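The structure appears right after this line, and notes come after that.
The values are calculated or read from the model by the stated rules, or taken from the named source; none is laboratory data. Predicted model only: the values in this text are computed from it and were never measured. Ideal geometry is used to build each Cβ from the backbone, glycine not excepted, and the neighbour counts take in all protein chains shown. The accessibility values were calculated without ligands, DNA or RNA, using every heavy atom of the protein model including side chains. Shrake-Rupley method; radii C 1.70, N 1.55, O 1.52, S 1.80 Å.
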Amino acid sequence: MKLLSFVIPAYNSEAYLEKCISSMLEPSVLPALEIIVVNDGSTDATEKIALRFCGQYPGTVRLITQKNLGHGGALNTGCAAAQGKYLKVIDADDWVESRSLPAFVKALEKCESDVVLTHYRTVNITTGEEKAWRCYPETFGKAMTLEDVMGRWGDFDRALTFHGIAYRTDFYHRMGLKLSEHIFYEDHEFATFPCCHAETVTPLDIFLYVYRIGDGNQSVSDANQLKRISHVEAVLNRLLTEGEKLPPGAGRDYAAAKAQGLLMSYLTTALLVCPDKAQGRALAEKAVEALRTPFPENYRQIQGKYKIFQVMSRLHITRRQFEAVLDSRLYNKLRGNHDFQ
């Protein structure tokens, strides 16, 4: 049995796929790896590149080609096909830190937790800036309960993301999760719904994922977030609807925290990016009100921040100006960011 399945959803990824796959081909751990490329209806050389790696690394690299179902549909296919003890999704335009793979695989040999967390980095391809995103447990390599994690949310929230999470494969399969198809930002579903049911979480002091940012064509760019704001709304509504069904406890609290985080991202787009300020404020009000019934405590928690966003909207503060404040040393000290202590 393989220890780790990498799942790579790939749509028209010929410019990036070779680097992504190559970063995983660390010789010392190759027998422990399964690399699944899901060609999601690409019309470029994505399939050809993947087939070349399949021929060079039989038994390690696999290719699944399907009609286009979007990022979520590719993840559904790839994760269902995963046979390793753990599965980790890497987008085709990102890569992994090869030097970290031996330590990561060694840790997975003994680990039995439902969720494993690792640090990750963002690399801005325009500016060259690198930024580290970490978690801060009291002890690395030790299994924690979800209750433990929620009790120290600020030490874990930046790693409990699509880029920081790996799932034990049988646990993920047991959840029966079907991610939304043909929409963007469904990675929030991937990082939310299984974790709501996790009994154990193990954080590792390893940087694994490298997340490429700074490309205007990416879904996280201002232009695309505005164009696809309805996609964010759809995912947010699913988080609220499914989260409300959970019984009281850490799982429900986790879903609420993730919904709150996505809502804040939505507010940034609606209030700071949308050029029609009146329309943006109307969208924001609707989204905030949607949080009131399923998660009243979180609704109360965001009121102060929501008012600040409204003021920034009326002052025509841009997202870039807002993020400059968030990146400031003073803000990070106030937040308690360990990197600035």
Provide the percentage of antiparallel DSSP beta bridges, counting only those with both residues in the chain; round to the nearest 5.
-> 30
Ignoring any ligand, DNA or RNA, what whole percent of the accessible area of region 203-274 comes from carbon and sulfur when the probe is 1.4 angstrom?
-> 51
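Quick check for you: with a 1.4 Å probe and neighbouring chains kept, what is the accessible area per residue of region 1-46, in Å²? Intermediate results must be reported in sequence, preceding the final value.
Values: 1670 Å² over 46 residues.
Ligands and nucleic acids excluded, the result is 36 Å² per residue.
Of all accessible surface on region 132-178 at a 1.4 Å probe, what whole percent is carbon and sulfur?
Ligands and nucleic acids excluded, carbon and sulfur give 50 percent.
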Place a +1 charge on the Cβ of each Lys and Arg in the chain and a -1 charge on the Cβ of each Asp and Glu, then give the dipole magnitude about the Cα centre in debye, rounded to the nearest 20.
-> 560
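Expressed in whole Å with the largest first, what are the equivalent ellipsoid semi-axes of region 1-134 derived from the C-alpha gyration tensor as the square root of 5 times each eigenvalue?
Details: eigenvalues 97, 73, 42 Å².
Equivalent ellipsoid of region 1-134: 22, 19, 15 Å, largest first.
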For the chain, what's the relative contact order in percent, using C-alpha pairs closer than 8 Å and at least 6 residues apart?
-> 16
Furthest towards positive pole of dipole, Pro31, Leu51, Ile21, structure part region 15-101, Cβ charges | Pro31
Of the accessible area of region 1-117, with the probe set at 1.4 angstrom, what percent is carbon plus sulfur?
-> 53
Relative contact order for region 107-194, counting Cα pairs under 8 Å that sit 6 or more residues apart, in percent | 31
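Placing unit charges on C-beta atoms (Lys and Arg positive, Asp and Glu negative, everything else neutral), compute the dipole magnitude of region 128-254 about its Cα centre in debye, rounded to 20.
For region 128-254, the charge dipole is close to 160 debye.
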For Glu181 the rounded accessible area (nearest 10 Å², probe 1.4 Å, non-protein molecules ignored) is 80
